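Read the structure below first, then the notes.
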Amino acid sequence: MAKALCGNGSVAVPCGDLVAAAALAESVPMGGGYRARSSFSAGRLALTDRPHPRSLQAAAAGQTNGNLTIGKAMRWWEKGTQPNMREVESAQDLAESLRNAGDRLVVVDFFSPGCGGCRALHPKIAQFAERNPDVLFLQVNYEQHKSMCYSLHVHVLPFFRFYRGAQGRVSSFSCTNATIKKFKDALAKHGPDRCGLGPARGLEESELLALAANRDLQFTYSDKPTLVPIAEAIKMDAAAIGGPWMPLPPSSGQFLGQGSESSLIPSGR
């Protein structure tokens, strides 16, 4: 704590004791403190290097221990984000988000914190998200999910993939500010409301299998295709509406009895 001292230029003593200052002027030299101009009538202010009182030390310690809160700097890909934008946490999170999106259009944005093109394009992507609140924007940090990006064959940044309902992936491309028209066209083509048939497809079958085979990822894929016997498959196709065979009429049994067992009677043909 700095203490104000008055002096005559060569010695510093407490203000008001000018008599003592005159007596010490010939025998006590000026200390190594920093001297600056002051509004004191004596002319100068000397700052001595004395220890701070315990009360001030405790106050300073309280500020460093959390009483003084300093906000964390926001990273560039977090600026301007909308409620329909979020960062993907894992491969499982990506797969489940696409599958649970229903017929909603989903835009997957692959970026890297050190990618200059990604950073320059981010404000425009945030604007598109604000104008299209029904579209879900998923951000994939390449630096945190390199192994997942390799399995999904993402090797250039910035990179975008569009998914829509039962159609699955409907568009895939890389663009920058100079080629932002690609993004606009894809959003206009796949963004309008429509009714899709069937559940959301999400990632391709090959991508799901690649993620499941990647030992660096904690990804489980249980919906593997099951093999159906050929006879069962034929029976299902014959019974399906619009199948290759039409059912025989009820009166066709008498014709079958008259002919050979291997003969087929066309139904109405």
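A cut-off of 5 Å between modelled amide H atoms, ignoring neighbours fewer than 5 places along the same chain, links Q139 with R86, E87, V88, D109.
Taking the accessible area of the stretch 64-159, probe 1.4 Å, and keeping the other protein chains in place, the carbon and sulfur fraction comes to 50%. Each residue of the stretch 109-126 was assigned a 3J(HN,Hα) from its phi angle through the Karplus expression (A = 6.51, B = -1.76, C = 1.60, θ = phi - 60°), giving 9, 8, 9, 9, x, x, 8, x, x, 5, 5, 5, 7, 4, x, 6, 5, 5 Hz with x at Gly and Pro.
Backbone geometry of the stretch 137-150 corresponds, through the Karplus equation with coefficients 6.51, -1.76 and 1.60 at θ = phi - 60°, to 3J(HN,Hα) couplings of 10, 10, 9, 10, 7, 4, 5, 8, 10, 4, 5, 5, 5, 4 Hz, x marking Gly and Pro.
The amide H of S171, built 1.01 Å from its N in the peptide plane, has F162 as neighbours under 5 Å, considering only residues 5 or more places off or on other chains. With the alpha-carbon atoms of the stretch 77-217 aligned to their principal axes, the span from lowest to highest coordinate is 38, 36, 24 Å, starting with the largest.
The values are calculated or read from the model by the stated rules, or taken from the named source; none is laboratory data. Because the structure is a prediction, the values reported are computed rather than measured. Protein only, heavy atoms only, side chains kept; ligands, DNA and RNA dropped before computing areas. Shrake-Rupley method; radii C 1.70, N 1.55, O 1.52, S 1.80 Å.
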